[in-house]
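The values are calculated or read from the model by the stated rules, or taken from the named source; none is laboratory data. What you see is a predicted model; the values in this text were computed from it and never measured. Note that each Cβ is placed from the backbone with ideal geometry, even for glycine, and that neighbours are counted across all protein chains shown. Please note that ligands, DNA and RNA were not included when accessible areas were found on the heavy atoms of the full protein model with its side chains. Shrake-Rupley method; radii C 1.70, N 1.55, O 1.52, S 1.80 Å.
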Amino acid sequence: MSSLKQLKLGAFMRPVSIHTGAWRYPGAIPDANFNFPTLKRLIQKLEQGKFDAFFMADHLAVLNMPINALKRSHTVTSFEPFTLLSALASVTENIGLVATASTTYDAPFHIARRFASLDHISGGRAGWNIVTTANPDAALNFGLEEEIEHDERYRRAREFYDVVTGLWDSFADDAFIRDVEAGIYFDPEKLHVLNHQGKYLSVRGPLNIARPVQGWPVIVQAGASEAGRQLAAETAEAVFAPAGNLEAGKALFADIKGRAQAIGRDPDSIKILPGALVVVGETVAEAIAKREHLDSIVHYDSGIASLNSALGYDVSGFDPDSPLPEIPETNAGHSSRERIVALAKRENLTIRQLAQRIGSYGGLAFVGTPETIADEMEQWLVEEGSDGFNIMFPFVPEGLNDFVDKVIPELQRRGIFRKEYEGKTLRENLGLPRPANRFFQSEKLQVVSQ
């Protein structure tokens, strides 16, 4: 199998492993989520492997789960993303720095200013993961009694995107002339005041920081609900959406890129990167044994809490050895609920079995040798199931080191992954265009070649 296309790889690093049992695995670093020297070593290892981006998801509340499950969770504490990524920018040179920021519980001026700052600090490596935040406990932390309805969150997010990107365009790229002799620091003709008045937001502007190095930080989105797919088609440049198997990946790939093309966007300007847990062994049997041991150390308290959270519905009162009951519509993330319900029906799983699976990690996984893992990844790339993956490591540092030291060289040998970075910015490395400033049309769209 061969391909001229190149995989794009992000690393899902908050938490450092999505797997509930990761911190208990032999040789793992239990406090890795909140250990800066460890995180510094991990991101430098990822940059050694030429990863496109270090992705830091974020939560605006302690995870809403029973205390018996919460006390077993290694995600209960973590750094605030902008603080951490700004620090990591100073110890890296090429790898992208992607952070989650919520359109529901933050102000667009704050978001625009933080990402513009990170983009300047890092020399053009920032990415904004747009989320609408499906967590009722987050609402309580921001003065609301309950979370905002699902589709309403996405409508607000669309307007929020317009405001943030408009604020990034407050100054022309060449606005700051800094003429010492004349005493003129910037050209007032190259300053735009946004004056946005919309259904959800009122923001005057301008942003009090120069236009980002990349024009705009790379726009990233997660989620695969109907509203989420449409928002991705309209705004996203990278999509970290779940796809449990290749057929689902192909359908998601075609759907989002088809929607983008229908509204006049170049489908190649969106990189579809589903999350994938990767467990590497010298043999397939060894990799399977690692995964089975990892799954075995997840306590049922954690599993049932993870299942309830993903469903947005409490099933702990039902017989754990019975099938999953009918799950009503809720404000929880629609795509995760639908994926779990489909999994339970497809494999005829009981609540206990489903809790074990979801509490462990129930999504896409590549478990095998470097060669078999590369085979699967190449198949996804060639058959248009994805443009790459957002890699999740089973435990650190071993799981991450195995991928960088063993899988990356195999991908490079096949010619489907870079040996050197294409440029200094995240846009250059992803092959994405630099957006023109919408308010200063004399600035040409700069397209980065693949």
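Of note:
Yes/no per residue for (1) without any contact (Cβ under 8 Å) to a residue 40 or more places away in the chain; (2) out of contact with any strand residue (DSSP E or B) (no Cβ under 9 Å at 6 or more places or on another chain); (3) of a type in the set (Ser, Thr, Tyr); (4) open to solvent by less than 20 Å² (accessible area, probe 1.4 Å):
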position: 19; (1), (2), (3), (4): no, no, no, yes
position: 27; (1), (2), (3), (4): no, yes, no, no
position: 30; (1), (2), (3), (4): no, yes, no, no
position: 69; (1), (2), (3), (4): no, yes, no, yes
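- Residue match in region 268-281 (condition: of a type in the set (Asp, Glu), outside any loop (DSSP other than H, G, I, E, B) and under 20 Å from the mean Cα position of the chain (by Cα)): yes
- Listed by first and then second residue, the pairs with beta-carbon distance under 7 Å, at least 6 apart or on different chains, first residue in region 254-267 and among the aliphatic types (A, V, I, L, M), second assigned to a helix (DSSP H, G or I), are 256/229; 256/232; 256/233; 260/233; 260/267; 263/233; 263/234.
- Where residue 143 falls short, out of the listed (1) closer than 19 Å to residue 33 by Cβ; (2) free of Cβ contacts under 8 Å to residues at least 12 places away in the same chain: (1)
- Meeting the requirement of 2 or more residues that are under 25 Å from residue 206 (Cα atoms), the helices (runs of 4 or more DSSP H) wholly within region 70-154 are 81-89, 108-122.
- Residue-level analysis places residue 290 among those that are basic (Lys, Arg) and either in a helix (DSSP H, G or I) or closer than 27 Å to residue 14 by Cβ (or both).
- Some residue of region 314-325 being open to solvent by 80 Å² or more (accessible area, probe 1.4 Å), charged (D, E, K, R), closer than 26 Å to residue 246 by Cα and without any contact (Cβ under 8 Å) to a residue 40 or more places away in the chain: no
Each row is one residue, and each column tells you yes or no for (1) modelled with pLDDT under 95; (2) within 18 Å of the chain's Cα centre (by Cα); (3) not in a helix (DSSP H, G or I).
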residue	(1), (2), (3)
376	no, no, no
380	no, no, no
385	no, yes, yes
389	no, yes, yes
396	no, no, yes
402	no, no, no
415	no, no, yes
419	no, no, yes
427	no, yes, no
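- Taken over region 4-20, the residue count meeting the criterion of being closer than 28 Å to residue 296 by Cβ and either among the hydrophobic types (A, V, I, L, M, F, W, C) or in a strand (DSSP E or B) (or both) is 5.
- Failed item in (1) open to solvent by 10 Å² or more (accessible area, probe 1.4 Å); (2) of a type outside the set (Gly, Ala, Ser); (3) in a loop (DSSP other than H, G, I, E, B); (4) farther than 22 Å from residue 240 by Cα, with residue 437 passing the rest: (1)
- Qualifying residues in region 394-424 (those that are in contact with a strand residue (DSSP E or B) (Cβ under 8 Å, 6 or more places away or on another chain) and buried (at least 20 other Cβ atoms within 10 Å of the Cβ)) - the one nearest to residue 167 (Cα to Cα): 417
- Picking from residues in region 40-61 that are within 17 Å of the chain's Cα centre (by Cα) and part of a helix (DSSP H, G or I), the one that is surrounded by the most Cβ atoms within 10 Å (Cβ to Cβ) is 46.
- Yes/no for residue 310 being under 12 Å from residue 359 (Cβ atoms) and in a helix (DSSP H, G or I): yes
- Per-region count, region 187-200, residues open to solvent by less than 90 Å² (accessible area, probe 1.4 Å), out of contact with any Asp or Glu (no Cβ under 6 Å at 6 or more places or on another chain) and either more than 16 Å from residue 170 (Cβ to Cβ) or charged (D, E, K, R) (or both): 2
- Meets criteria (at negative phi, part of a loop (DSSP other than H, G, I, E, B) and either in contact with a helix residue (DSSP H, G or I) (Cβ under 6 Å, 6 or more places away or on another chain) or surrounded by fewer than 19 Cβ atoms within 10 Å (Cβ to Cβ) (or both)) for residue 64: yes
- Inside region 222-258, residues that are part of a helix (DSSP H, G or I), over 21 Å from residue 378 (Cα atoms) and open to solvent by less than 40 Å² (accessible area, probe 1.4 Å) make up a count of 7.
- Restricting region 123-148 to residues that are farther than 27 Å from residue 87 by Cβ and of a type in the set (A, V, I, L, M, F, W, C), the residue that is most open to solvent (accessible area, probe 1.4 Å): 140
- Residue 343 being of a type in the set (A, V, I, L, M), out of contact with any Pro (no Cβ under 9 Å at 6 or more places or on another chain) and modelled with pLDDT of 90 or more: no
- In region 158-204, the residues that are in contact (Cβ under 8 Å) with a residue 40 or more places away in the chain and assigned to a helix (DSSP H, G or I): 158, 159, 160, 161, 163, 164, 165, 166, 167, 168, 190
- Of residues in region 343-356 being free of Cβ contacts under 8 Å to residues at least 40 places away in the same chain and part of a helix (DSSP H, G or I), the one least open to solvent (accessible area, probe 1.4 Å): 344
- Applying the criterion of being assigned to a loop (DSSP other than H, G, I, E, B) and of a type in the set (Val, Ile, Thr) to the residues of region 205-218, the residue that is least open to solvent (accessible area, probe 1.4 Å) is 209.
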